Amino acid sequence: MHELAFPLLVGLILVALAFDFLNGLHDAANAIATVVATRLLGPVQAVAFAAFFNFAAYFLTLGFPELHKVAETIGQGLVDRDLVTPAVVFGALVGAMFWNVVTWLKGIPSSSSHALVGGIVGAGVAHAGFTGIQWTGLNKTLIAIILSPLLGMLLAMLIMLVTSWAFARAKNRTAEKSFRFLHLLSSAAYSISHGLNDAQKTMGIITVLLYSTGYLSGEFHVPHWVAIACYIAIALGTLSGGWKIIETMGSRITKLSQHQGFSASMGGSIMVFTASLLGIPVSTTHTITGSIIGAGTARRASAVRWGVAQNVVAAWIITIPASAAVGALFYSLTLLF
């Protein structure tokens with residue numbers, strides 16, 4: 001157990017909630033890019049819509065507590081929880097926040113999830129070396145970096161195929177009206193899955209901090225007040241928007257119809273819900289980007305602006321090592337005080 005004065009503990013929890021807020025701000029585009037790009041909702045309406053369903057994820061977990069496995073992976077599945085100190089938590093959070101701010105300012109849809117994973121791993125290695133790394137949890141997260149956008153792309157293409165066949169004989173006006181409604185439902189589902197998976201990352205950080213300082217004991221579990229605080233923080237962040245990234249996600253990669261928007265958000269939500277059940281801190285950014293590309297490719301490959309997509313992928317590749325380096329740096333700085 002590591003001693004930490006109560007005011008410092010509160011301060012560190014507030015830093016974690018600030019990261020959660022920034023996560024929502026940074027990743028707002030994930031949930032609403034398709035509805036904004038297709039003009040199904042206006043930007044302000046879309047942000048409020050996404051924020052509402054981000055918080056609604058909390059009520060889903062009351063009925064299905066097994067959906068909180070992601071918090072366990074972040075809290076004890078990447079670095080041995082007995083080796084986590086307040087300084088490690090501080091380094092992890094600052095490393096992740098630094099990378100989020102840099103990519104947000106540049107309008108690059110990088111992954112807040114993998115920025116936090118990088119921050120945890122970097123600070124953890126700086127503290128205890130590679131012996132503290134939980135390779136099972138880290139490996140499944142790294143595998144998800146590759147699989148989540150690919151599976152999201154394939155799901156979106158499959159949904160496009162099936163629904164095109166289902167509406168083949170429908171009148172254009174009837175099909176358009178149906179897809180507008182389905183797109184709204186799928187966007188709500190994606191917003192719930194986004195809040196569910198992403199808010200848990202901060203829950204895991206706060207919970208392991210409480211364990212390391214002796215404020216929690218026994219089996220790893222997320223207190224209800226921590227869960228509620230994290231869902232509120234991410235919803236408020238989403239409410240603040242992330243307009244530069246929304247532009248990249250919603251229109252610069254490919255132009256979307258209501259049919260494609262529905263297919264992308266439905267494919268993405270299936271992937272993220274599945275990842276939550278498996279306890280994988282998947283990147284909602286990676287997933288929806290792959291789904292948007294899949295929906296665009298289903299129309300024709302030339303509909304996708306592959307140069308923009310390549311820039312997005314480049315940001316993914318360097319996210320974990322960049323945030324890990326910053327996390328290790330800020331952990332090292334705490335040793336000077």
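The values are calculated or read from the model by the stated rules, or taken from the named source; none is laboratory data. None of these values were measured; they are calculated from a predicted model. Backbone-built Cβ (ideal geometry, glycine too); neighbour counts: all protein chains shown. These accessible areas exclude ligands, DNA and RNA; they are computed on the full protein's heavy atoms, side chains included. Shrake-Rupley method; radii C 1.70, N 1.55, O 1.52, S 1.80 Å.
Would you mind checking which residues have amide H under 5 Å from residue 79's amide H? H placed 1.01 Å from N; only 5 or more apart, or other chain.
For residue 79, the qualifying residues are 134.
How far apart, in nanometres, would the label points at residue 143 and residue 56 be if each is projected 7 angstrom from Cα along the Cα-to-Cβ direction?
A separation of 3.3 nm, rounded to one decimal place.
Nearest 10 degrees is fine. How inclined is helix 112-128 to the longest principal axis of the chain, computing both from alpha carbons?
20
Which order do peptides 182-189, 116-123 fall in by mean Cβ count within 10 Å, highest first?
116-123, 182-189
I'd like to compare 279-292, 149-162, 318-331: which one has the highest average count of other Cβ atoms within 10 Å, and what's the full order after that?
279-292, 318-331, 149-162
Taking the chain as a Gaussian network, where each spring joins two C-alpha atoms under 10 Å apart, which residue of 14, 138, 25 fluctuates the most?
Sorting by GNM fluctuation, first place goes to 14.
Pulled fully out, how much extra length does the chain show between residue 154 and residue 217, if you take 0.36 nm times their separation in residues and subtract their Cα-Cα distance?
18.4 nm
Where the only charges are on Cβ atoms (+1 Lys, Arg; -1 Asp, Glu), what is the dipole of the range 90-181 about its Cα centre, to the nearest 20 debye?
It works out to roughly 580 debye.
Taking the full set of protein chains and a 1.4 angstrom probe, give the accessible area of residue 177 in square angstrom, rounded to the nearest 10.
Looks like 150 Å² after rounding.
Given a Förster distance of 35 angstrom, what is the FRET efficiency for residue 167 paired with residue 278, based on the Cβ-Cβ distance and rounded to 0.05?
Result of the calculation: an efficiency of 0.60.
If I take R0 = 30 Å and measure r between the Cβ atoms of residue 8 and residue 105 in this structure, what FRET efficiency does the formula 1/(1 + (r/R0)^6) give, to the nearest 0.05?
E between residue 8 and residue 105, to the nearest 0.05, is 0.55.
Taking Cα pairs under 8 Å and at least six residues apart, what relative contact order does the chain come out at, in percent?
Across the chain, relative contact order equals 39 percent.
Within the set of other residues whose C-beta is less than 9 Å from the C-beta of residue 280, count the net charge using Lys and Arg as +1 and Asp and Glu as -1.
Summing Lys/Arg as +1 and Asp/Glu as -1 gives +2.
Taking only the alpha-carbon positions of the chain and ignoring solvent, what does the Debye formula give for the base-10 log of I(q)/I(0) at q = 0.08, 0.09, 0.14, 0.16 Å⁻¹?
-0.34, -0.43, -0.99, -1.26
With θ taken as phi - 60° and the coefficients 6.51, -1.76 and 1.60, list the Karplus ³J(HN,Hα) couplings across the range 274-287 in order, rounded to whole Hz; mark glycine and proline as x.
4, 4, 5, 4, 8, x, 9, x, 6, 7, 5, 5, 4, 5
Taking only the C-alpha atoms, wrap a convex hull around the range 169-233 and report its volume per residue in Å³ as a whole number.
94
Once you keep just the Cα pairs under 8 angstrom separated by 6 or more residues, what percentage relative contact order results for the range 19-167?
24
Give the Rg/Rh ratio for the range 1-122, taking Rg as the radius of gyration of the Cα atoms and Rh as the Kirkwood radius, to two decimals.
My calculation puts Rg/Rh at 1.02.
Treating the range 122-168 as a set of equal point scatterers at the Cα positions, no solvent, please give the Debye-formula log₁₀ I(q)/I(0) at q = 0.24 Å⁻¹.
Here the Debye-derived log intensity ratios amount to -0.84.
Residue-wise, which Karplus ³J(HN,Hα) couplings in Hz belong to the range 143-156, taking 6.51 cos²θ - 1.76 cosθ + 1.60, θ = phi - 60°, and x for glycine or proline?
With coefficients 6.51, -1.76 and 1.60, one gets 5, 5, 4, 7, 6, 4, x, 5, 5, x, 5, 5, 5, 4 Hz.
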